[in-house]
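Q: My questions will all concern the structure given below.
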Amino acid sequence: MRRILSTVIGTAIVAITAAGLTACGSSDTSGQTLRVGTLTDAPPSIYLDNGRFTGYDNELLRDIAQREGFQVDFVSTEFSTLLGKVAGGQLDIGSSTISATSARKKTVNFSNGYDTSYTTVVSKKGAALPGANSFGGKRLGVVQGSVQDEFAGKLAGAEVVRFPDYNAGFAQLRSGGLDGWVVPKDIGQKYFDQNPSVPLEFGYTVLDKDTPSAFAVAKSNTDLLNKINDGLAKAIADGTAAKLHAQFYRAAPIAKELDKGGAGLPVKNS
């Protein structure tokens, strides 16, 4: 009797546990609630507003989820751990203006691109950091593990200082602890707008069109990848992506490939 009772209890526990889990690691996402890793402090792309995760990336993902029949539950995650958690199944999706680089494709798969951006060096006015050869002996702040971290590491003579998020880096720039702060230009512009009393300027800037921002998923989750790509294609085709881009990036035009009816930005995973 004890053995039978133990078997029954064990079976019930497994059933209850399975019912309470999200779809992390699952290949069938229909009707599931998926855990999405994102940042809280990178407006207008990804940020927290009155307790709600929002921004262009996250609102676009909400639209894709609605089209494709799944729900999303956003989780604040440090960027340096984000892709590892997606690859390991702790998170289903990464949504944090993640540039789809070759190195990152070794860890996760990426959806097709949903945005292009510029990487720029923000500094105090008069710092004179206009070109790739301006950084000898300069302290440059970056978000650890970001594409800007890689970018800064290639600037000759620069001392790269890594932070867990954008706010921490900006605080050091503002206090004089950094000579420059390497960020996507749209995020830098938002900090300009929110801190008018701080004398800031843009310096060295490059376009990142070859590595567009994309959503990250585990390599094993091809069903989810296909659904995200399908929903994204529909959002581009009917102009939803362009509408959301205009809502969050009021001064920046969307890439023609992502405008209504555009061809999209295909990403080839390794």
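Q: What are the pairs with Cβ atoms under 8 angstrom where one residue, in segment 202-225, is in contact (Cβ under 8 Å) with a residue 40 or more places away in the chain and the other, located anywhere, is basic (Lys, Arg)? Sequence gap at least six, or different chains.
A: PHE202/LYS185; THR205/LYS185; ALA216/ARG104
A quick yes/no check of all residues on (1) within 25 Å of ARG104 (Cα to Cα); (2) surrounded by fewer than 22 Cβ atoms within 10 Å (Cβ to Cβ):
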position	(1), (2)
LEU173	no, no
GLN194	no, yes
LEU200	no, yes
TYR204	yes, yes
ALA216	yes, no
ILE228	yes, no
THR240	no, yes
ALA252	no, yes
LYS260	no, yes
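Q: Another question about this same structure. For segment 146-185, give me each residue that is touching a strand residue (DSSP E or B) at 6+ places or on another chain (Cβ under 6 Å), farther than 18 Å from LEU200 by Cβ and of a type in the set (Asp, Glu).
A: Of everything in segment 146-185, those that are touching a strand residue (DSSP E or B) at 6+ places or on another chain (Cβ under 6 Å), farther than 18 Å from LEU200 by Cβ and of a type in the set (Asp, Glu) turn out to be ASP149, GLU159, ASP165.
Q: Next question. Would you mind stating whether LYS106 is in the same structural domain as LYS185 (by TED's automatic domain parsing), more than 17 Å from ASP41 (Cβ to Cβ) and in contact (Cβ under 8 Å) with a residue 40 or more places away in the chain?
A: no
Q: Take the conditions among the aliphatic types (A, V, I, L, M), in contact with a helix residue (DSSP H, G or I) (Cβ under 9 Å, 6 or more places away or on another chain) and surrounded by fewer than 17 Cβ atoms within 10 Å (Cβ to Cβ) and apply them to ALA103. Does it pass?
A: Yes.
Q: What is the residue count in segment 226-256 for residues that are in a helix (DSSP H, G or I) and free of Cβ contacts under 8 Å to residues at least 24 places away in the same chain?
A: Summing the residues that are in a helix (DSSP H, G or I) and free of Cβ contacts under 8 Å to residues at least 24 places away in the same chain in segment 226-256 gives 5.
Q: Just checking, how many residues over segment 108-133 are in a strand (DSSP E or B) and of a type outside the set (Asp, Glu)?
A: Going through segment 108-133 one residue at a time, the tally reaches 10.
The values are calculated or read from the model by the stated rules, or taken from the named source; none is laboratory data. On a predicted model such as this, the values are computed, not experimentally measured, just so you know. Counting neighbours? That spans all protein chains shown, and the Cβs are built from the backbone with ideal geometry, glycine included.
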